[in-house]
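The values are calculated or read from the model by the stated rules, or taken from the named source; none is laboratory data. Source: prediction; values computed, not measured. Here Cβ is always computed from backbone atoms with ideal geometry, including for glycine, and neighbour counts include all displayed protein chains. With ligands, DNA and RNA removed, areas are computed over all heavy atoms of the protein, side chains included. Shrake-Rupley method; radii C 1.70, N 1.55, O 1.52, S 1.80 Å.
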Amino acid sequence: MSEPRGDSRRSFLTGGLVGAAAGITGASAAGVFSRPGRAAVHGGGRKRVSWRLASSFPKTLPAIYGTAELLAERVAAMTDGAFTIRCHQANELVPAGQVMDAVEKGSAEVGQTAGYYYTGKDPALAFDTCVPFGLTARQQDAWLERAGGRELLREVYRDFGIRNYTCGNTGAQMGGWFREPIATARDLKGLRMRIPGLGGKVMDRLGVSVQMLAAGDIYPALERGAIDATEWVGPFDDERLGFHEIASNYYYPGWWEPGPSLSFMVSQRAFDALPPDYQAIFEAAVTAAAPTMLQRYDRENPAALQRLLHKGVQLRPFSEDILRAAREASSSLLDDEAAKDKRYRRILAHWRAFQRDSVRWASTNELAYANFIARG
Ligand code: CA
């Protein structure tokens with residue numbers, strides 16, 4: 001089975017499209033696509049495979065959960081319904097924060113979750129999602145799929161019997177909701193905030209009391225005053241979760257998540273047990289589903305932000321003081337982790353070199369354009 005990236009994936013896709021077209025005319029390619037005459041027979045005599053997908057996310061977050069549903073739909077469509085993936089939203093099959101554990105144990109063949117929820121298993125898993133002051137969505141995608149990031153992370157996931165794929169990216173996230181305005185890094189001390197991943201560790205270094213809560217638990221915690229602030233994703237999702245009803249100061253940018261990619265984690269054992277054509281179909285379906293997440297966010301966020309502003313939300317930028325203190329804490333956090341672990345060190349060095357070159361290029365061209373256009 002070839003790796004699901006680079007030219008091999010592209011050539012499969014090209015071949016797949018040719019195969020699909022051939023199927024329509026009755027000349028099915030390599031048995032991957034159904035022959036019209038057999039379409040009425042459910043599964044067409046193919047091997048039946050039923051997988052369970054456990055998501056860390058609820059159905060009420062359609063941009064994220066939708067990529068899991070689309071994956072299942074594409075896999076079923078490409079196998080005449082013989083290979084099915086049953087999607088379970090957060091807490092239906094396993095608790096939201098234990099999706100990786102479920103895939104490790106085999107109680108779900110696929111998980112839809114975020115690598116950085118599991119840095120307790122291996123700190124390097126943060127790079128599968130994002131690290132503070134890290135890559136934008138485009139850069140993250142390029143690093144993972146073209147620059148070697150995927151291979152580096154496969155090494156880490158292999159320790160857990162897991163094969164990872166990107167299931168989409170949210171784009172730059174917002175800095176979250178605060179009951180009271182915060183002007184300087186000093187104002188963060190003692191604040192109780194829901195923020196996962198390395199962002200949480202950086203906030204911890206800045207004196208924040210960090211909490212990790214799943215989507216459905218955040219609003220109640222805010223409501224009863226157990227937390228003073230929370231971050232989630234951005235206007236489209238945040239509006240649905242209703243945080244603005246309690247904490248009306250909406251900060252930006254979400255420097256801890258400038259372009260986080262979420263993950264499909266697949267049991268390597270389950271993947272190895274698939275026929276080769278199902279493996280290729282699964283990977284083609286991932287490739288089809290993943291980009292829809294950012295597309296939906298880019299479509300929905302602008303209007304959602306306007307609605308929130310009409311409801312009285314106060315949009316506030318993080319001050320230079322906070323950004324500088326956070327970047328410094330972030331950089332030393334990454335260095336500290338690297339000092340403890342050789343593999344982490346190798347991944348960080350690769351990642352930093354990519355970021356340096358990528359920022360130099362993006363700042364030269366796209367940023368100049370974006371700045372000019374933004375001035376109106
Ligand atoms: Ca977030």
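Does the chain classify as rounded, prolate or oblate by the C-alpha gyration tensor (a ≥ b ≥ c root eigenvalues; a/c under 1.5 gives rounded; else a/b over b/c gives prolate, otherwise oblate)? In terms of gyration-tensor shape, prolate.
Across the protein chains, with a 1.4 Å probe defining accessible surface, the residues Tyr219, Tyr157 rank Tyr219, Tyr157 from largest area downward. Around the Cα centre of segment 300-376, unit charges on the Cβ atoms of Lys, Arg, Asp and Glu (plus for the first two, minus for the last two) sum to a dipole of about 140 debye.
Ligands, DNA and RNA excluded, the heavy atoms of Ser107 present near 50 Å² of accessible surface to a 1.4 Å solvent probe. Judged by the mean number of other Cβ atoms found within 10 Å, the most tightly packed of the peptides 344-351, 94-101, 332-339 leads the ranking 94-101, 344-351, 332-339.
A quarter of the convex hull surface defined by the alpha-carbon atoms of segment 202-290 gives 8.4 nm² as the mean projection. With all protein chains present, how much of the accessible area of the chain (probe radius 1.4 Å) comes from carbon and sulfur, to the nearest whole percent? On the chain, the fraction of accessible area on carbon and sulfur atoms equals 53 percent. Note on Ala273 and Glu320: the extension gain reaches 11.7 nm, defined as 0.36 nm multiplied by sequence separation minus the Cα-Cα distance.
In the structure shown, the pairs Lys189/Lys340; Lys59/Lys342; Lys59/Lys121 are assessed against 30 Å; a Cα-Cα span above that value is assigned to Lys59/Lys342. Here is how the number arises for the chain: DSSP H runs of 4 or more residues each give -39500 (n - 2.57), the sum is divided by the residue count, and the result at 222 nm is -15000 deg cm²/dmol.
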